[in-house]
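> Below you'll find the structure I mean.
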Amino acid sequence: MVPDDQGGGLMRTDLLSETVAGLDEVLTAVDAFDQALVAGLLRPRPAQTAGLTGLAQAVAGTPLAARVAEAAEKAAGGAASEDHFVALAAARTALLGSAHDALMARIEEATGRPRDEETVPQPAGEQAVNLLAAARSWLSDLARSGWQGIDHDVVSGASPVVSAMLPDPALRRLATLLDGFAAELAASCPGASLERIPARRWADLWSRALLLTLPGAAEAPVAGTVTGRLLPLGVDVHEHATAVQAQVHAVFEPADGGTPRLVRAGVAVPKPDTVVGAGLWQLLRPHMSLLAAVSEGRSMDLTDMPVTAEGDLVWDDEHARQGEPADAFATARVALPTATASATAPLDRHPARIAVPVFLEGYTAHKDDDALTFTLAGGALVVDADRIPAAGPLTPEAVVASGACIGLLRWDAGTYLVQPLAVETTVRKKAVAIHAGGWAGGTTDKAGVKAEKAATDAVAVLRERAGRLLRK
């Protein structure tokens, strides 16, 4: 929500609560196919056949129609090959891509922000075909066994494939996905004893991994370089037991005076599961100077920084230097409304990947049990407080007391949500800004210092133990 006299217009939150035409039908077809994967496609039952047929019917009239119809027929007879599974995964991905596009169109209408009309170029790189085929074979075996039929023998088939892929940077994206997917499945074995199966999530991972086995699909081609000023908005933290990623959302102002655009800059590192909270920054900081600029409230001056067609900066500290002070809320009020968004790559078109920077103010925050909502002139917007990281000073309580918010607009479980990245609130009668990434570059905050010290001690112990093992 940006005041008109500051270059923007009110965000139409009422549009976010309206029904998106065709969305329910798409998700119904996807859910039916996902249920077919639960029991496996080795000997499909009538209900599974219906799910396969529904998927084929949903893409009828598209270029995928003939191949998916054949794949559905073969799968229904328990005779699907790897190519047939790829076709089914492509159909499922295309349907979720159409849902993504419809949801994004609604967001663009609500925010009034334009999107870059350029498409993402198709990659043309070469990769180790034998390893891709091996991964495809394992994923096909998973589809035949189904989630209820997984056991350690089936899941362990991924291990040699992942080990062979990891040394090759071109295959590391797929290797990481397969490794994490296999770890989730292994932790759930045997599938027959599971009380609850995350059908949508596992089908997402399965279909994405299967399409990434196509040569070149895992590449993110660099579209060129950019020179200008980077104005950070906030940091989104993704934490896993063995890895962590920090993704900085920002507005980029080209040095030639061109249209500002939304960009992202991310850094991901492996981590031990004992390092959590503020300790994560110790692992991330050495790889990206931008994190210090975020916590200090500064811009970054970029020179020939590589960037992908999707607006992801391929960060290199040699192409960046610290700039002048830049308040994130000033950026959100003035620069964000006119910044264009980049196109989305085909494989990234998924409702779960929606994360659009927005600025909200003039709302009233309500907390009812575990539910937190912002009530605005146009309606109510659910706040996804669960995504607020423990690695920063931002808390749900600060969000409740806030009057302005920089966040990411997402879509989950049938509704739009806002994930707070930073809020303006009043502390001891003084207006202050609290950022989720406020401790990214270090902090003098008492809570932050205490958390960092605990993490430092944990990392020191782990390094000492690792050194002892290496000496042996």
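> Given the condition of a type in the set (G, A, S), modelled with pLDDT of 95 or more and not in a helix (DSSP H, G or I), answer yes or no: does some residue in the stretch 80-103 qualify?
Yes, the stretch 80-103 contains a residue that is of a type in the set (G, A, S), modelled with pLDDT of 95 or more and not in a helix (DSSP H, G or I).
> So which pairs qualify, if the first residue must be in the stretch 404-419 and in contact (Cβ under 8 Å) with a residue 60 or more places away in the chain and more than 24 Å from V432 (Cα to Cα), the second must be among the β-branched types (V, I, T) and outside any strand (DSSP E or B), the Cβ gap must be under 8 Å, and the two must be at least 6 apart or on different chains?
W411/I354; Y416/I107
> While we're here: Can L230 be described as surrounded by 14 or more Cβ atoms within 10 Å (Cβ to Cβ), assigned to a helix (DSSP H, G or I) and either at pLDDT below 95 or in contact with an Asp or Glu (Cβ under 9 Å, 6 or more places away or on another chain) (or both)? Lay out the reasoning, then the answer.
On the way: surrounded by 14 or more Cβ atoms within 10 Å (Cβ to Cβ): yes; assigned to a helix (DSSP H, G or I): no; either at pLDDT below 95 or in contact with an Asp or Glu (Cβ under 9 Å, 6 or more places away or on another chain) (or both): yes.
No, not satisfied.
> If A330 satisfies all but one of (1) under 16 Å from the mean Cα position of the chain (by Cα); (2) of a type in the set (A, V, I, L, M, F, W, C); (3) at pLDDT 90 or above, what's the number of the condition it fails?
Exception for A330: condition (1).
> So which residues in the stretch 142-175 are free of Cβ contacts under 8 Å to residues at least 40 places away in the same chain and under 24 Å from the mean Cα position of the chain (by Cα)? So that I can check it myself, show each step before the final result.
Going through the stretch 142-175, the residues free of Cβ contacts under 8 Å to residues at least 40 places away in the same chain turn out to be 152-167, 169, 172, 175.
Matches in the stretch 142-175: A158, V162, M165, L166, P169, R172, A175.
> Across the stretch 7-49, what is the number of residues that are under 21 Å from L408 (Cα atoms) and either at pLDDT 95 or above or not β-branched (V, I, T) (or both)?
11
> Pick from the stretch 121-170 the residues that are part of a loop (DSSP other than H, G, I, E, B) and of a type in the set (D, E): which of them is modelled with the highest pLDDT?
Filtering the stretch 121-170 for residues part of a loop (DSSP other than H, G, I, E, B) gives 121-128, 146, 150-151, 156-157, 166-168.
Then drop every residue that is not of a type in the set (D, E), which leaves 126, 151, 168.
Values: E126: 57, D151: 95, D168: 89.
Among them, the one singled out is D151.
The values are calculated or read from the model by the stated rules, or taken from the named source; none is laboratory data. This is a predicted model, so every value here is computed, not measured. Please note: Cβ atoms are built from the backbone with ideal geometry, for glycine as well, and neighbour counts cover all protein chains shown.
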